[in-house]
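The values are calculated or read from the model by the stated rules, or taken from the named source; none is laboratory data. These numbers were taken from a predicted model, which means no experiment stands behind them. All Cβ positions, even for glycine, are placed from backbone atoms using ideal geometry, and neighbour counts span all protein chains on display. Surface areas here come from the heavy atoms of the whole protein model, side chains and all, with no ligands, DNA or RNA. Shrake-Rupley method; radii C 1.70, N 1.55, O 1.52, S 1.80 Å.
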Amino acid sequence: MSELCNEKHTYGNLINGRWAEYASGNVITITSPVDGSFIGEIQAVSKEEVDEVIRYSKEGLSLWACVPIFEKARILYKAAELLEERAEEIADILMMEIAKDRKSSVSEVKRTADFLRFTADAGKSLEGIAVSGENFPGGSRNKISYVRRVPLGTVLAISPFNYPINLSASKIAPALMGGNTVILKPATQGAISALHLVKALQDAGLPGGVLQTVTGKGSEIGDYIVTHENINFINFTGSTEVGRHLSKISCMTPLLLELGGKDAALVLEDADLTYAASNIVEGAFSYSGQRCTAVKRIITTDKVADQLVEMLKTRIEKLPVGDPRDNVVVTPLIDQKSADFAEFLIQDAIGKGAELIVGNKREGNLVYPTLLDKVTVDMEIAWKEPFSPILPVIRVKDMDEAVEIANRSEYGLQSSVFTKDINKAFRIAEKLEVGTVQINNKTERGPDHFPFLGVKASGMGTQGVKYSIEAMTRPKAITINLTE
Ligand code: NAP
Ligand code: G3H
């Protein structure tokens, strides 16, 4: 057994450089959404234990400040190397803990290694500026402000279940390169995978107290950590419901929120339908639709809808469904509650007159990929984020109506426009109220150095390597006043 867990697969938290089980002995059992098998136990932290971790984090700040940036970068390079060496082992854990298919699991680990390296490089190129007073009316060249970016302090990183490695690293690495210390609170289902990422970072040489973890149910311990006076920044990815709650209770602690989405694919009459159908199926059903950026609705006109729906149907019927270890695309959902919600959305739509093209089959928490045509705005699936393999097609009279329906959503993460006419694509893109518009591609986060943001109920603030470093640092100005 590694120091990460004992022979009973009880995992500790990383506290001040050591993997520790808590004296309270409160643990949470993690079982697999694939077959219910036992994966391990994680600690359920108490308030006193949170206090201790935050105290070490404060001490870690001055220690981390003494480490030169090139050395910080070296640690991230080493962690990337370790992740790549351990990719298969970590992917095996991901597959069973969150039911992610093998290919996507390996790819999540390797993508994270690339992210660490890119972030290390971006951190090394951080530079400050000098501003002369003479540029402003009445100012003088004798006044010079040296401005550089400094850390915010202790960053609380809260990650979701669907990318426990990548969406933990996307917070931890930029925070560390910015000079902060980090406390990671991973999703309970996904925590064991996330702890393996943290182990790679620790093995790469992070000093104690610089990166620590607190595991436990968000509903029980989350509010206490979030409202702790010694947390200086909250970087959260998860549902809009929890994000809203955090923004209410966090008071004056700045926060960055990456939340839910209802990404629309607008398919114009001149689009390459064969390409659009294949691309949209990939975007809608990979990891069973449990991605914030999954294509969650198609909006198109009658003129192409029949043909597009037929093409989608053929492709969806061929999607491999089942156990993530068998190289499938659609796997069991994270829990029964999610599958119940998916079933509710499908039945609600069919009950209100949507046409079922394929799917509407369920075995436990495994929901088969489902395509619904002629979805109308009175149906829940037109607006709710399913986080499951359901794709609704909404038919409209023209693209003005398509844009209006796309924008009527409370969410504003991404949208896609499929067309051969770049002028039309740009005009529509300008009107869509989202963080990013993809022209002729499915909605997706990467590459990870692009700005990634949601508007409206999809988030607050911008991620992406250099944007994340910027978000978790602030300018510090030192003004020199030369005497005559
Ligand atoms: P979630 O239920 O909101 O949980 C996210 C994280 O918040 C988990 O670590 C959870 O811990 C924690 N949490 C819950 N209540 C808390 C509280 N009161 N205080 C502090 N932390 C708390 O979301 P999820 O089901 O894991 O993820 C799915 C959602 O995330 C979807 O809506 C998806 O669209 C969104 N998402 C968005 C993005 C993006 O970049 N925009 C990316 C990925 C996912 P527990 O697990 O212990 O409850
Ligand atoms: O679930 C949200 C992730 O940020 C989506 O990333 O588009 O690469 O799957 P992805």
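For the stretch 176-214, a tally of residues being within 16 Å of ligand 1 (Cβ to nearest atom) and out of contact with any Leu (no Cβ under 8 Å at 6 or more places or on another chain) returns 6. Counting only residues that are within 26 Å of residue 71 (Cα to Cα), more than 16 Å from ligand 2 (Cβ to nearest atom) and not in a loop (DSSP other than H, G, I, E, B), the stretch 128-176 holds 13 of them.
Reported count of residues in the stretch 17-35, each being of a type in the set (Ser, Thr, Tyr) and within 30 Å of residue 101 (Cα to Cα), is 3. Residue count for the stretch 111-138 under the criterion of being open to solvent by less than 40 Å² (accessible area, probe 1.4 Å) and either touching a Pro at 6+ places or on another chain (Cβ under 6 Å) or not polar (S, T, N, Q) (or both): the result is 8. All but one of (1) open to solvent by less than 10 Å² (accessible area, probe 1.4 Å); (2) within 16 Å of ligand 1 (Cβ to nearest atom) hold for residue 255; state the number of the condition that does not hold. Checking residue 255 against (1) open to solvent by less than 10 Å² (accessible area, probe 1.4 Å); (2) within 16 Å of ligand 1 (Cβ to nearest atom), the one that fails is (1).
Of all the numbered requirements in (1) in contact with a helix residue (DSSP H, G or I) (Cβ under 7 Å, 6 or more places away or on another chain); (2) surrounded by fewer than 20 Cβ atoms within 10 Å (Cβ to Cβ); (3) outside any loop (DSSP other than H, G, I, E, B), residue 349 misses one, and that requirement is (2). Entry remark, the stretch 317-339: residues being surrounded by 23 or more Cβ atoms within 10 Å (Cβ to Cβ) and among the β-branched types (Val, Ile, Thr) number 3 in total. Are any residues in the stretch 440-475 within 16 Å of ligand 2 (Cβ to nearest atom) and not in a loop (DSSP other than H, G, I, E, B), and if so, which ones? Of everything in the stretch 440-475, those that are within 16 Å of ligand 2 (Cβ to nearest atom) and not in a loop (DSSP other than H, G, I, E, B) turn out to be 452, 455, 459, 460, 463, 465, 467, 468, 471.
Apart from one condition, residue 417 fits all of (1) away from ligand 1 (no atom under 16 Å from the Cβ); (2) touching a strand residue (DSSP E or B) at 6+ places or on another chain (Cβ under 9 Å); (3) in a helix (DSSP H, G or I); (4) of a type outside the set (Lys, Arg); the exception is (3). Within the stretch 43-61, residues that are in a loop (DSSP other than H, G, I, E, B) sit with their Cβ atoms under 8 Å from residues that are of a type in the set (D, E, K, R) and surrounded by fewer than 19 Cβ atoms within 10 Å (Cβ to Cβ), at 6+ positions apart or across chains, in these pairs: 44/217; 44/220. Looking at 124, 110, 143, just one residue is touching a Phe, Trp or Tyr at 6+ places or on another chain (Cβ under 7 Å), among the basic types (Lys, Arg), touching a residue at least 12 places away in the same chain (Cβ under 8 Å) and away from ligand 1 (no atom under 16 Å from the Cβ), and that residue is 124. Filtering the stretch 237-262 to residues that are within 16 Å of ligand 2 (Cβ to nearest atom), touching a helix residue (DSSP H, G or I) at 6+ places or on another chain (Cβ under 6 Å) and of a type outside the set (Val, Ile, Thr) leaves 256, 257, 259, 260. Within the set 403, 367, 377, the sole residue that is among the hydrophobic types (A, V, I, L, M, F, W, C) and open to solvent by less than 10 Å² (accessible area, probe 1.4 Å) turns out to be 367. Within the stretch 414-430, does at least one residue satisfy the condition of being surrounded by 15 or more Cβ atoms within 10 Å (Cβ to Cβ), within 30 Å of residue 347 (Cα to Cα), modelled with pLDDT of 95 or more and of a type in the set (Gly, Ala, Ser)? Yes, the conditions are met somewhere in the stretch 414-430. Among 394, 390, 381, which is the only one that is modelled with pLDDT of 95 or more, touching a Gly at 6+ places or on another chain (Cβ under 7 Å) and among the hydrophobic types (A, V, I, L, M, F, W, C)? Answer to the selection: 390. If you go through the stretch 388-406 and pick out every residue that is under 18 Å from residue 360 (Cβ atoms) and part of a helix (DSSP H, G or I), you end up with 0.
Answer yes if at least one residue in the stretch 37-44 is under 30 Å from residue 177 (Cβ atoms) and buried (at least 18 other Cβ atoms within 10 Å of the Cβ), and no otherwise. There is at least one residue in the stretch 37-44 that is under 30 Å from residue 177 (Cβ atoms) and buried (at least 18 other Cβ atoms within 10 Å of the Cβ).
Residues in the stretch 263-283 that are open to solvent by less than 60 Å² (accessible area, probe 1.4 Å), in a loop (DSSP other than H, G, I, E, B) and more than 13 Å from ligand 2 (Cβ to nearest atom): 268, 270, 271.
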